[in-house]
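Notes follow once the structure below has been shown.
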């Protein structure tokens, strides 16, 4: 084991929501936090809260390399990588443009992969590290209208499983965080992404989809089970502090209930449950 172990924390996507809450929480608890976002001005205030701030775009290879190199020059390496950057893309499978689909995977999956590849060499050298991947309850179950978002989170789950096995012998733990609904601007982004072409055959479905997403975050029945982003931050701290962290951490009662339901219900039974929530598109 290296004589000096860096436990510097690098977090992607800190401008809002879970990333911002995690940066603030860990900094107040004494962690050496590098908070990042595409637009540096969006996280400038985090400097006064104990964070170091860096510009980082997970869709730009040069930006990712520059951020990791900055931390490595200052600390010797990234000790904890929190892959948080991501967003929700919603809409009927047929209607979502391919450019939007590619951007979704570039942000939610390929950026996560690239960031992890960049930090692993230093983690291996010091024989200690934590890679925390923000998945979702949507990485274990799928709702209609979210095909591409769910596909990215299913990918995060699979990538994490393979990586966990491959790097454990180097002293590196891979941890998956699976939140349910969190009270952030995630819902606004997801609703804003719904494609609603004129005369769409999915018009009625899209309208219900928008309503369901808003209710999950803004006062509907599911919103009662939503949690603030600080709840996720606390779980992340627990995970990276643990001597032997769990492989997965569910966050919110909604996540535990729905993931349990999906695990036990056969596909057709789960489809029947979904039909109580969404009108199946039809002529």
- Task: Please report the relative contact order for the range 9-275, taking Cα pairs under 8 Å with a sequence separation of at least 6, and give it as a percent rounded to a whole number.
- Result: 19 percent
- Task: Rounded to the nearest 500, what is the 222 nm mean residue ellipticity of the chain from helices alone, with -39500 (n - 2.57) per DSSP H run of 4+ residues and division by all residues?
- Result: -14500 deg cm²/dmol
- Note on the structure: Relative to the chain, whose Cα atoms define the longest principal axis, helix 61-75 and its Cα axis are tilted in degrees, nearest 10, by 40 degrees
- Task: Taking all pairs of distinct Cα atoms, average 1/r, flip it, and tell me the Kirkwood hydrodynamic radius of the range 13-166 in Å to one decimal place.
- Result: 16.2 Å
- Gaussian network model of the chain, Cα springs within a sub-10 Å range: biggest mean-square fluctuation belongs to which of 240, 43, 257? 257
- FRET efficiency (residue 98, residue 242; Cβ distance; R0 35 Å; to 0.05) is 0.25
- Task: If a/c stays under 1.5 just call it rounded; otherwise compare a/b with b/c (prolate if a/b is bigger, oblate if not). Do that for the range 72-132, with a ≥ b ≥ c from the square roots of the Cα gyration tensor eigenvalues.
- Result: prolate
- Task: Calculate the length of the line joining the C-alpha centroid of the range 78-104 to that of the range 13-70, in whole Å.
- Result: 19 Å
- Message: Helix 17-28 against the longest principal axis of the chain: what's the angle in degrees, Cα atoms only, rounded to the nearest 10?
- Response: 30 degrees
- Item | Where Rh is the Kirkwood radius over Cα pairs, Rg/Rh for the chain | 0.98
- Query: Can you work out the FRET efficiency for the pair residue 262 and residue 214, with r the C-beta to C-beta distance and R0 = 22 Å, to the nearest 0.05?
  - Reply: 0.45
- Task: Compute the distance in nm between two label points, each set 7 Å from the Cα along the Cα-to-Cβ direction, one at residue 16 and one at residue 113.
- Result: 2.8 nm
- Task: State the extension gain, in nm to one decimal, for the chain segment bounded by residue 275 and residue 125, taking 0.36 nm per residue of separation less the distance between their alpha-carbons.
- Result: 48.9 nm
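Read-outs: derived from the displayed coordinates by stated rules, not from any lab. Quantities reported herein were computed from a predicted structural model and do not represent experimental measurements. Because the Cβ atoms are built from the backbone with ideal geometry, glycine has one as well, and the counts that use them run over all protein chains shown.
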